[in-house]
Structure formats: C-alpha cells, structure tokens
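Encoded as structure tokens, the structure appears first; notes follow it.
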Amino acid sequence: ITPVKLEYEMLEEITIVVQKKLEGSPLPYCAFNGGVGGVWIDIGDKKHGIECLQQYLNVKPTQTLHVGDRFTSTGNDFRARDICCTLWIANPSETAYFVRMLCDGMDKAEAKAEVEADAEVVLPPSKREKTA
C-alpha cells in the first residue's frame, strides 16, 4: 500500500467526523488533527491531565499556564482552555523565548520582593509610611 498524503483541510474534516462519532462517549477522549502525522484519538484529554496535575501539585487554575500549538477545536490543546491560562505558540523556539521571558520576570519579581523585605527590616515604621 502506498501512503497518501492528506491535505490539512481533509484532516480537519476527518477529525470533525471522528469527534461527532465519539460524542457521548463514557471515556474522556481527544480526537485531533495531528497535521503531518494524521488524525489521532487519545483516551483522556489535556483538561483531564492538567486537572490531575493541579490537584497533585495543589495549585489553582489561576496559577497554571499551558503552552501549546493547537488550540482550535480540532487541536489537542483545545480543552486546556477550560482549566487554565494558555499561551498559543507556533514552534519550539517560541516556547523557549516565552519560558526565558517568564523566568526573567519571575527573577525580577523575586528580587523586588527581597528588596522590599529588606527595606521593611531596615526602615523604621515612621519612614516606611513616608516612602509608601
């Protein structure tokens, strides 16, 4: 059998048909267009996985960021939008860029908190009120 390359739009149509056929399934699932790799069906979905991880780590949805590249209704990241903040990226280099940016921001926030904590120790209460 000779493999046939399906166009993106054909994969979208197949994904939509599969999603419709699986509606009402007792198992959580994710049918998605994997692009070059074809249409995939996973047991479970990103929402379920993220919820489990949030419970395990004892974090809230507002403390969670999901980075993904397929947030359309035929993508595997779609359900993540229901449970946390999301960042839509196009490729791995964008992921690396935003992770660096996030880490830099966290480092700056941590440094600022340390300076503010040190200032409270050094400044007497009367001085703190004037600088606030």
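Any read-out appearing in this document is the output of simple, stated calculations on the displayed coordinates, not a laboratory observation. If you're wondering where the values come from, they're calculated on a predicted model, not measured in any experiment. In this analysis, Cβ positions are derived from the backbone assuming ideal geometry, glycine residues included, and neighbour counts consider all displayed protein chains.
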Name the residues whose placed amide hydrogens come within less than 5 Å of the amide hydrogen of Leu87, ignoring near sequence neighbours (fewer than 5 apart) on the same chain. His66, Val67, Gly68
Folded to 0 to 90 degrees: helix 92-122 orientation relative to the chain principal axis, Cα: 20
So how strong a dipole does the chain carry about its Cα centre when Lys and Arg Cβ are +1 and Asp and Glu Cβ are -1, to the nearest 20 debye? 200
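Please state, to two decimals, what the Cα-based radius of gyration of the range 45-94 comes to when divided by 2.2 N^0.38 Å (N = residues). All intermediate terms of the calculation are to be shown ahead of the outcome.
Values: Rg = 10.8 Å, N = 50, 2.2 N^0.38 = 9.7 Å.
Taking N as the residue count of the range 45-94, the ratio is 1.11.
Using alpha-carbon pairs under 8 Å, 6+ residues apart, how would you state the relative contact order of the chain in percent? Before the final figure, lay out each step's value.
Working: 120 pairs, mean separation 21.6, N = 132.
Relative contact order here is 16 percent.
Any chance you could run the full-extension gain for Glu7 through Glu23? It's 0.36 nm times the residue separation minus the Cα-Cα distance, nm to one decimal.
Values: separation 16, 0.36 × 16 = 5.76 nm, distance 2.47 nm.
Stretched fully, the Glu7-Glu23 segment lengthens by 3.3 nm.
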Separation between Cα centres of the range 1-54 and the range 65-111, rounded to whole Å: 21
Is the shape of the range 1-100 rounded, prolate or oblate, going by the alpha carbon gyration tensor and its root eigenvalues a ≥ b ≥ c, with a/c under 1.5 for rounded and a/b larger than b/c for prolate? oblate
Which of these, Glu13, Glu23, Glu110, has the largest mean-square fluctuation under a Gaussian network model of the chain (Cα springs below 10 Å)? Glu110
Label point distance in nm, Ala117-Glu94, each placed 7 Å from Cα along Cα→Cβ: 3.6
